[in-house]
């Protein structure tokens with residue numbers, strides 16, 4: 001719930017900040033000099049709701065995720081600048097108050113400031129875990145100021161035998177100030193809980209993967225113990241190995257995003273499973289899938305299937321390479337081979353699925369073989385537009 | 001077991017794999033030691049100065065690269081053959097760049113593994129189809145990106161070397177490649193060794209960028 005709208009809000013700046021990084025964050029988002037934004041806030045502070053606006057912006061804007069260790073090194077001068085900024089803001093607020101006619105006597109202002117600072121320092125000690133030093137000081141100060149304003153207004157109202165309106169105003173300010181003081185902790189608590197939930201989801205996902213892997217590995221072992229057929233045993237082991245690899249090396253690709261590489265690997269994997277052979281698959285470069293590439297992959301699978309079925313050897317090599325202008329595929333076995341003159345018309349596998357398919361889409365197919373010499377099927381199609389990368 | 005049979009150390013953190021390999025090759029080579037982590041490997045290799053070390057790419061405390069670097073600091077004639085189940089190209093390339101003379105996958109058959117060990121012992125490079133593919137991939141980006149005239153010799157493969165690698169990736173043995181390309185087996189070996197040397201010595205940016213890109217991927 002938080003992520004979608006928060007994602008569109010510019011983050012507070014970590015590196016360039018006087019108080020909380022709000023100005024720099026806004027400045028970056030709208031491409032202005034941070035000084036201008038800061039000036040705007042200062043003007044607002046004296047002429048309007050500058051501090052509450054800043055506080056709200058501060059609450060709403062997320063922390064810049066690009067916080068780094070370097071931030072720590074730069075902390076102390078920022079701390080200093082922030083302190084100076086705070087003092088200036090407080091002084092400005094007091095002066096501003098006097099300007100608009102509220103003249104809280106020194107006897108009230110100073111105690112409040114001192115008490116506020118004291119409370120801030122105490123809380124700082126008590127709650128270091130809440131990233132206090134990083135950002136809460138600004139809000140504490142804002143809260144104290146507003147509470148102070150409220151009290152001042154209240155007192156001023158009472159002294160001048162003021163109307164209920166003034167008292168209300170003062171009460172609102174006090175409540176607002178308290179909200180500013182307490183609000184951050186609430187927000188932090190909620191954020192922590194959201195973080196914790198996200199972490200738990202992640203570890204759940206990991207546990208899912210682990211459970212799946214363990215389950216399928218155990219299944220495979222159980223099956224292997226129950227079979228006496230070494231071929232079946234190695235087929236099971238191979239299948240399991242491939243599945244593990246897919247999990248471990250993040251080859252879990254949505255079929256809609258298949259590229260040449262994933263398609264070839266998937267196809268040769270199927271041949272391995274069906275025909276109980278090892279298909280050593282090497283793909284160099286990658287390309288997006290179009291009709292021609294799809295046909296090439298299918299023909300490659302067909303050639304590998306033929307090799308698995310007829311060559312008599314238990315290993316087939318598949319090499320696919322993306323060159324400057326075409327995609328080439330080589331399927332090779334070192335098996336019995338055959339005499340091309342003797343391919344009967346009914347060996348449709350070769351004639352139709354491989355040669356015919358390649359020719360129809362403007363590619364090439366060549367079969368090099370002789371009895372006892374093994375077989376190599378060489379395929380090529382023109383490179384599709386929009387190659388993923390060579 | 002002739003006196004000429006190479007002395008081998010097996011470095012792998014899986015006892016089952018070490019036992020299996022020992023059983024498969026033990027009749028033809030002398031397995032002088034085993035190790036299951038980097039420190040042990042360095043100690044065993046120092047003690048025995050074996051001819052060939054079968055080196056797992058991934059070890060519990062690090063990678064095979066660290067073993068090679070630690071051992072080569074004391075400079076021996078020991079040769080390394082990387083063995084792995086890993087498909088992660090950058091890890092394999094990393095170990096080869098550290099000085100391994102070749103790379104084979106753990107699914108390799110006993111006789112093939114033995115052949116690879118003997119070839120590494122003879123000073124040849126051993127390219128499994130997969131390693132050939134990785135190397136073609138690693139060197140492909142630069143061929144189009146860098147102007148050939150300015151590129152260092154080490155940074156580019158010659159057309160002939162590419163051709164040899166392509167055949168290796170297609171599953172051809174050296175002997176078959178020699179026949180296909182109408183050159184001697186010795187020449188094929190020379191090309192393969194040259195590729196290995198380029199892979200190890202090139203400090204081409206493209207190679208590290210390629211590795212970095214793979215890692216992000």
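Bear in mind that the values in this text are calculations on the coordinates, not laboratory data. The shown structure was predicted, so the numbers you read here are calculated from the model rather than taken from an experiment. Counting neighbours? That spans all protein chains shown, and the Cβs are built from the backbone with ideal geometry, glycine included.
In this simple spin-label model, placing a label point 7 Å from the Cα along the Cα-to-Cβ direction at both residue A:205 and residue B:108 gives a separation of 3.7 nm. Averaging 1/r over each pair of different alpha-carbon atoms in region B:1-51 and inverting the result gives 11.1 Å, the Kirkwood hydrodynamic radius. When B:130, B:7, A:364 are sorted by how many other C-beta atoms sit within 10 angstrom of their C-beta, beginning with the fewest, the order is A:364, B:7, B:130. Kirkwood analysis of the Cα pair distances in region B:7-123 returns a hydrodynamic radius of 13.6 Å. Peptide A:317-324 has a mean of 5 when you count, residue by residue, the C-beta atoms of other protein chains within 10 Å of its C-beta. Per-residue mean of foreign Cβ neighbours for B:166-176 is 6 (Cβ atoms of other chains, 10 Å radius). Ranking of B:175, A:261 by neighbouring Cβ atoms within 10 Å, starting from the fewest: B:175, A:261.
Mean projected area of the Cα convex hull of region A:253-382, taken over all directions, amounts to 7.5 nm². Across q = 0.16, 0.22, 0.25, 0.27 Å⁻¹, region A:206-249 modelled as identical point scatterers on its alpha-carbon atoms has Debye log10 I(q)/I(0) values of -0.42, -0.71, -0.84, -0.92, in the order of the q list.
Within region A:253-382, antiparallel bridges make up roughly 75 percent of the DSSP beta bridges whose residues both belong there. Counting Cβ atoms of other protein chains within 10 Å of each Cβ in B:41-50 and taking the mean gives 0.
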